[in-house]
Every structure is written in structure tokens, then in C-alpha cells.
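Nothing in this text is a laboratory measurement; each read-out follows from the coordinates by a stated rule. What you are looking at is a predicted structure, and each value in this text was computed from that prediction instead of being measured.
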Amino acid sequence: MRLCAVALALALATIAPASAHAAGKAGTVACPYLPQFKELKRNIEGMPPAAALTALHRYEADPNNDNPEACEAFALDRLMSERERKLVFLASGKTKFFAQAAFRCDAILQGTTKCNGVFEDGTAHPLSGGSRPRRLKDTLKLRIESALPDAQLAGVYLATISGLLDGEPATQIDSTAGEITLKPPASLIAVIAIFRAPPPWSYRKLVWYFE
């Protein structure tokens, strides 16, 4: 299913604005979802995030759910990201900073930590992804808490957004004790946690933004 989505997702991204406009004028759906996907969306609405994520992974991995028009590819990516962000957070005392972006892929590019997956890694463009950085006034020790199913923390990194845009490498942070120390930054930064996880993807990448 993922291989189909790779090719078709790019084509859909190009025609989406025109299709959406035409659909709005005609009052029809531009790209019809499969009946089983509609049922999946209904079923996961009341599920805890981890259970919903497992159901989404199971659906995505099943070749019987392939749609020739790849209508579900973008929706599946969004639904997975929403659940993953609820399952990973940085904690300081009773304060929880939930992840602001989530990406899935089979390869992490060394240095930049770019998640090389079906969809573009938008870590370097937080505003276009709807993320707003949190203001950090004091140095904090932050615990890394995760309830991602069967996922293991592989590393935590720090990068400036300007550096990511220039292709500069991210700096790995010591997280062996299950926590990191974060100082007030001089510019907009991204805290990046990489997890190894079972299929349908090898890695999960969670991101927080601070300024």
C-alpha cells in the first residue's frame, strides 16, 4: 500500500487544489474514501490513542485496503500523527509538553535526522505545519515519556531551525537517564526524538519547538 501511495501522493499533491475547487463548485467529494476506511475512522473515534494507532497501522499494512486513487494516504498520515503526538511528551514536574509534529519513515538521514518517508519531513517548517513554538524562560530538566506501542527511544537531538534549513547536522543530546536538560535558546530550535518501532515503519520521529 505504501508503494502505491509514494507515486500517487505526489500526483495528488499537484492536482489537489484544482480538484478541491471543482469539488466545491459541484458539491461532490473530490476523492472518494473506501467504505472500510470510513468504518475505520468511525471505530477509532472513541479509542485510546495507542489502540487507535494500532488499528491505523493494521489498516495501512493490509493490501486489501489499497485504493487506486490513493485517497486515504494523506488522511492516514494525519490520523497517525495526531495519535502519536498524544503518546509522547516531555515532562517537567507536572507540566507536560506534548509533541508538536510526528513523522514516520524507514530511514533516518544521519546528521540532519531527516525522516526519509513517503511524505515530506516538515521539521524545518513548523509554521507551515501549524506548530507554534513554546517560549522557554528557564533551564529545564525534561523527562521523556512515551506510550508509543512497542517503540524504543533511539536518540534525542537538538537543532536550530535555521540550521535545518541550511542542511546543518543536528546535535545529539545525552538522554541515557531518560531525561534531557534544555536551556533557553538564542533562536528557534527543534527538539527531536527518534524511536525505533515495528512495521509498518522502522522509525517514528517526534518534534517539539522552543524559542
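Okay, here's what the table says:
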item: ³J(HN,Hα) computed for each position of segment 144-156 - Karplus, 6.51 cos²θ - 1.76 cosθ + 1.60, integer Hz, glycine/proline x; result: 9, 10, 9, 10, 4, x, 6, 9, 10, 5, 9, x, 10
item: Helix-only [θ]222 nm of the chain, DSSP H runs n ≥ 4, -39500 (n - 2.57) each, per residue, nearest 500; result: -10500 deg cm²/dmol
item: 0 to 90° range, to nearest 10: angle between helix 49-61 axis and the chain longest Cα axis; result: 50
item: Pairwise Lys count, the chain - Cα closer than 20 Å, eight or more residues apart or different chains; result: 14
item: With Cα atoms, 0 to 90° folded angle of helix 72-87 axis to the chain main axis; result: 30
item: Residue-wise HN-Hα coupling along segment 167-178, computed from phi with Karplus coefficients 6.51, -1.76, 1.60 (Hz; x: Gly, Pro); result: x, 7, x, 7, 9, 6, 9, 5, 10, 5, 8, x
item: For q = 0.10, 0.12, 0.15, 0.16 Å⁻¹, Debye-computed log10 I/I(0) when each Cα of segment 2-210 counts as one equal scatterer; result: -0.47, -0.67, -1.00, -1.11
